[in-house]
Amino acid sequence: MKYTRELEIVKKAAIEASKVITEYAERTSFTVELKGKNDLITDADVASENKIIKIITEAFPEDAILAEESSQKTELPQGRVWIIDPIDGTTNFAHGFPAYCVSIALWEQKSPKVALVLEVARQELFTAVEGEGAYLNGTSIHVSENKDPSASLIGTGFPYRDLHLVDDYLKLFKRLMEKTHGVRRPGTAAWDLCNVACGRFEGFYEYGLSAWDVAAGSLIIKEAGGIVTDWKDESDWLFGKRIIAGNRAVHSFLKNEISECFNEADVKNEKISE
Ligand code: 2AM
Ligand code: CA
């Protein structure tokens, strides 16, 4: 198996970070600050990120880091890059709502090679290595085989910063309420993607997400047999700020529904701001 040591180190980093996050959650004495509009950061995010970066850089000192709370964020550094979200679902964490993750991916030569998402409250550990399948707590997982959109459960995230597409988003939301078993909004994109990977959701879509929210979950879905694209059905999902994921049939259904509800320019390249 390739990347054995990387997987071992990333598991160690995530488990240590999860202990840090749980200590803060149990103390309930963390500070909450605003980085921007509706954009929270707690001292647990910073402590988790410091712990992960320390463990990864000690093991792989040559590798670059792209981490939510401490890096320059608009493009990937050269070479091997660890893409880190120390808490995905900070708003949930800050309110004591139990759905928040550590998300870490190793990016190399244009794609993620190793991925880990640890949902801290449930201790669900999702892992994948390119070409080696996807696992939940060590058991192999696969996307749902249900091809029927009308019997599917769909995950999404609500827009929270750049709200200029909200009317179209709500149009899509209404159509999906009518056409599927339902729509869920857990509030942590990394875990949403893993819920597609293990077959709980048939599909997922969102706009406005950042690279560290989606890097790991996307490899986990692909290794579980699913599809991940941007809204143009192309591969710019890491920095493109628009993502669709699912089994093949429901991915295609969501792609068509999105093109029915959003202008072509918004599907393609209209800017979505930070
Ligand atoms: P974060 O907790 O790492 O910021 C939910 O739709 C997704 O969007 C989460 O992955 C969350 O990641 C991201 N997000 C960023 N800012 C957000 C906010 N203010 N409210 C909700 N989600 C936010
Ligand atoms: Ca985060």
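No lab work stands behind these numbers, since they all come straight from the coordinates. No experiment lies behind these values; they were computed from the predicted model shown. Backbone-built Cβ (ideal geometry, glycine too); neighbour counts: all protein chains shown.
Quick one: order E23, E6, E69 by neighbouring beta-carbon count within 10 Å, fewest to most. Walk me through the numbers on the way to the answer.
Details: E23 12, E6 21, E69 18.
In increasing order of surrounding Cβ atoms, one gets E23, E69, E6.
Mind checking Rg over Rh on the stretch 168-226, alpha carbons, Kirkwood formula for Rh?
Working: Rg = 12.0 Å, Rh = 12.2 Å.
When Rh is taken as the Kirkwood radius, the ratio is 0.98.
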Expected sort for H251, H95 with the fewest Cβ neighbours (10 Å cutoff) up front is H95, H251
Can you compute the radius of gyration and Dmax for the stretch 1-131, using only the Cα atoms, both in Å?
14.4, 44
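Would you mind giving the three semi-axes, in whole Å and largest first, of the ellipsoid equivalent to the stretch 130-196 according to its Cα gyration tensor?
27, 17, 9
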Give me the Kirkwood hydrodynamic radius of the stretch 59-211 in Å, from all C-alpha pairs, to one decimal place?
16.9
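If you wrap a convex hull around the alpha carbons of the stretch 1-67, what volume per residue comes out, as a whole number of Å³? All intermediate terms of the calculation are to be shown ahead of the outcome.
On the way: hull volume 7.0 nm³, N = 67.
Enclosed volume per residue, from the Cα hull, is 104 Å³.
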Binned at 5 Å from zero, the C-alpha pair distances of the chain give percents of 1, 6, 14, 18, 19, 18, 13, 7, 3, 0, 0
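Just want the ordering: S218, S259, S29, S71, from fewest to most Cβ atoms lying within 10 Å of their own Cβ.
Values: S218 27, S259 14, S29 7, S71 18.
Ascending number of Cβ neighbours within 10 Å: S29, S259, S71, S218.
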Kirkwood Rh over alpha-carbon pairs of the stretch 107-155, then Stokes-Einstein at 20 °C and 1.002 mPa s: what D in µm² s⁻¹, rounded to an integer?
166
